[in-house]
Amino acid sequence: MTRREERIKAMQIIYTSDFNKITFDDASKIIDDINFHVLDFVKLVSDNLEKIDSIISESLVNYTMERLNLVDKAIIRLATAELLSGTDKKIVINEALEITKEYSDQGDHKAVSFNNKLLDNICKKLM
């Protein structure tokens, strides 16, 4: 499994948890074909969720966390967790935008543009 595939599986677990209002552990039991790297990504989000959500909320402009669609929220949560862990920001942003293109964008690039701007704001806040 590639790192992107592991990120996608982690995003699916984060999304499933939020959508079904269940724990990350319970959500991970629903998603097939996960490995320890996927669980590491999820644990990174789980262990820092309050801080991650605070950073995202503070980085949104004229928008609230409640308005984010759940797929984008999962993608941004994972990316923010990776940024907090010290993963190279170019890698994090590129991966998040590629996953957005595949799972959230409607072909008009609005989701990609929105997530790119939000991640840029998050990076500025973390510097």
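The values are calculated or read from the model by the stated rules, or taken from the named source; none is laboratory data. Quick caveat, the model's predicted, so the values are computed rather than measured. Note: accessible area is taken over every heavy atom of the protein model, side chains too, but ligands, DNA and RNA are not part of it. Shrake-Rupley method; radii C 1.70, N 1.55, O 1.52, S 1.80 Å.
Exposure check, 1.4 Å probe, all protein chains in place: residue 9 carries approximately 40 Å² of accessible surface. A probe of 1.4 angstrom, applied to the heavy atoms of all protein chains, finds residue 113 with accessible area near 70 square angstrom. In terms of distances greater than 27 angstrom between alpha carbons, the cross-link table entries 29/124; 29/89; 21/43; 21/124; 21/89; 43/110 yield 29/124; 29/89; 21/124; 21/89; 43/110.
Just one of (i) 45, 21, 9; (ii) 21, 15, 15; (iii) 25, 15, 14 is semi-axes √(5λ) of the Cα gyration tensor in Å as worked out from the coordinates here. Which one is it? This structure yields the entry labelled (ii). Spatial offset of region 30-48 relative to region 1-28 amounts to 7 Å, using the alpha carbon center of each.
Before anything else, pin down the relative contact order of the chain: Cα pairs under 8 Å, at least 6 apart, normalised by residue count, whole percent. Computed value for the chain: 25 percent relative contact order.
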